[in-house]
Amino acid sequence: MRNIIMTTVKMLAALSFPLLTLLTGVCPQTARKIYVRTGELVALQCPHYRGYKHNDNKLIWTSYTTQEMNLTAEKRPMGILVHGSSLVILSVSVFHQGNYSCSLGNASRKFWFTLTVYKTQTKEYEERTTSTRTCYTQESCALYCPSVNISAANTLNITSKGIIWHKEGESVPTVYFPSLEEKDRGAYTCTRYYQYNGQRYNRTFTVKLDVQPNDSERVAVITSPLKSEVITVDLGSTVVIDCKAVVYSDFADVFWLNGKSFVDSNNNSRVFYNSSRLSKSDSEEITASLVFKKVLKEDLSNNYTCKLKTDNQLRFVTINLAQKVRPSYISLALGIVCTVVVMFFTVVIYVKFKINITLFLRDTLGCHSSISDGKSYDAYLMCYKSDTEAGLNKHDRKWLESVLEERFGYSLCLYDRDVLPGKAEAEAVLDSIEQSRTVVLVPTSPDPGPGFSVLSAIHAALVERQTRMVFIKTETTEESRSGSLAEALQILSEAGNCVTWKGISSIPPSSSFWKQLRYHLPAPQHAPKIMLLPQKI
């Protein structure tokens, strides 16, 4: 009969999960799961609501076991105590198995608990409730009895009567091992005892001690900072330096020294340190923070040492403070001034010597565009009649042609040499210009012939096509007023670059005339043929 009742209770508890989902809209998977054996004490702790006070009776505990029941009401089952945020079941039975919730009044938000009760010490129960502690041989180790889902101290006059440890059924006088050995491995059972109204109640936990061999490389280490270093700071600022260490002993400690003296741990001091511990599965991380409320100049001359002390080793790192070096604005200003001066002189030098620089880069280093534009000639020499007798005579024109072709390697198109007869003069000249990369207008005296005769007819086409032109003038031409030039010449001279022929001084290939002329001409497509000597006059 009893077995039938237990089976029925478990079925009701299982069916209550989907029913709760429909009634309350809460997913059962969000419930906090608690596992306990029959006859033991268990406490459910409801998370605190903001503004909740223990004495205002607004917190409602509800049971969803055999039926929904308000456990906060005055009439509730025997053996269940409710005080503030705690629900205590003094001796659990299978009838207590099921779901529980706590909430403030009719609040829609509820905290859920699922209580599973085991009648015997089954394997499933051991897997769900056993905790593991890993320690290493020849090191100190201590076991701690879990404190989950147990009654808080002095809750409802429930008093704690201590903890008793057992191993394999035998009482264990202590669970602290100064130097752990392999024989200490095993499952340890701790029983917490409580007393209420003259009755004794208990809660049992199992802690499995896993003993691992002591690896010589597994030692307590300082993880930060890794080595002695200098930390830059600002005088008068607040500085915090963390020293972190991973330890495997319960008696390891990390602290700070100023020289050979201990740094004060009182946080009222200007310089002090505090420490904290973070427990992990088989180790602890200790953080010792050295705090300077206000860095003074005297701190810069001190050595601060972070020491890690364990049972059998001592490790340390040393820290020195150094004042941050502020950037010198004078140096920055001088640097800016020097940069501006250098840029100014660079621009001046380039403007003054840009022709020489350009020709040097072109002739010596070959720094010029080598992309073919499909033109047959580098330049077309087209003559125009000078208003004065200062134009280039026949010998000067021949010298101009020979120097450009033979000394500097330009491919020239000359009307009397390269233009085939039969075409109209204007058309033939335009075709020659079309095949040339640049047009060089040369002043001549006397009348040079057909070039000048068609200049007025084609000047509009030259301007419209944006033909690249170099306009050679004489000193007399420069002195004369612009109005004295023909209208076509005036337009072309304004559209192109002007170079002045100064007579005898312009004849040597090294003169400024040739440099300026070559500067305005594109780089020749072919290398010069021979070196010419200056013309004898």
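Amide H to amide H distances under 5 Å link Lys473 with Val499, Thr500, Trp501, where only residues 5 or more positions off or on other chains count and H is placed in the peptide plane.
If you count, for each residue, the other Cβ atoms within 10 Å and average over each peptide, how do 76-83, 144-151, 302-309 line up from highest to lowest?
Working: 76-83: 14.6, 144-151: 16.6, 302-309: 19.0.
Packing order, densest peptide first, comes out as 302-309, 144-151, 76-83.
Which net charge results when you count Lys and Arg as +1 and Asp and Glu as -1 among the other residues whose beta-carbon is under 13 Å from that of Ile158? Net charge around Ile158: +4. Available extension along the chain between Lys354 and Ile336 is 3.9 nm, counting 0.36 nm per residue and deducting the alpha carbon span.
If the limit is 24 Å between Cα atoms, which of Lys352/Lys473; Lys227/Lys309; Lys123/Lys167; Lys260/Lys280; Lys354/Lys385; Lys123/Lys280 go over it? Could the numbers behind the result be given before it?
Details: Lys352/Lys473 22 Å; Lys227/Lys309 17 Å; Lys123/Lys167 17 Å; Lys260/Lys280 32 Å; Lys354/Lys385 32 Å; Lys123/Lys280 26 Å.
Long pairs (Cα-Cα over 24 Å): Lys260/Lys280; Lys354/Lys385; Lys123/Lys280.
What's the local net charge at Gln435, with K and R +1, D and E -1, over the other residues with C-beta under 10 Å away?
Working: positive: Lys375, Arg437; negative: Asp418, Asp431, Glu434.
So the surrounding residues net to -1.
Among Cys243, Cys498, Cys141, which comes first, then next, by fewest other beta-carbon atoms within 10 Å? Present the calculation step by step, with values, prior to reporting the outcome.
Values: Cys243 26, Cys498 16, Cys141 21.
With the sparsest Cβ surroundings first, the list reads Cys498, Cys141, Cys243.
With the simple model of a label 7 Å out from the Cα in the direction of the Cβ, Lys208 to Ser402 spans 11.0 nm.
With R₀ set to 56 Å, the beta-carbon distance separating Asn268 from Ser376 gives a calculated FRET efficiency near 0.05. With θ taken as phi - 60° and the Karplus curve 6.51 cos²θ - 1.76 cosθ + 1.60 applied, the whole-hertz 3J(HN,Hα) list for segment 200-207 is 9, 10, 8, 9, 10, 10, 10, 10 Hz, x standing for glycine and proline. Rounded to the nearest 0.05, the FRET efficiency derived from the C-beta distance between Thr318 and Tyr144 at R0 = 30 Å is 0.25.
3J(HN,Hα) along segment 59-71, derived from phi through the Karplus expression 6.51 cos²θ - 1.76 cosθ + 1.60 where θ = phi - 60°, amounts to 7, 10, 9, 10, 9, 10, 9, 6, 7, 6, 9, 7, 7 Hz, with x in place of Gly and Pro. Summarising the amide proton neighbourhood of Val233: residues at separation of 5 or more, or on other chains, whose placed amide H is nearer than 5 Å comprise Ala322, Gln323, Lys324.
Given their separation in residues at 0.36 nm each and the Cα-Cα distance between them, Met343 and Glu285 gain 15.0 nm when the chain is fully extended.
Each reported figure results from applying straightforward, stated rules to the coordinates on display, with no laboratory input. As the structure is a computational prediction, the values presented were derived from the model and not from experiment. We place every Cβ from the backbone using ideal geometry, glycine too, and count neighbours over all the protein chains shown.
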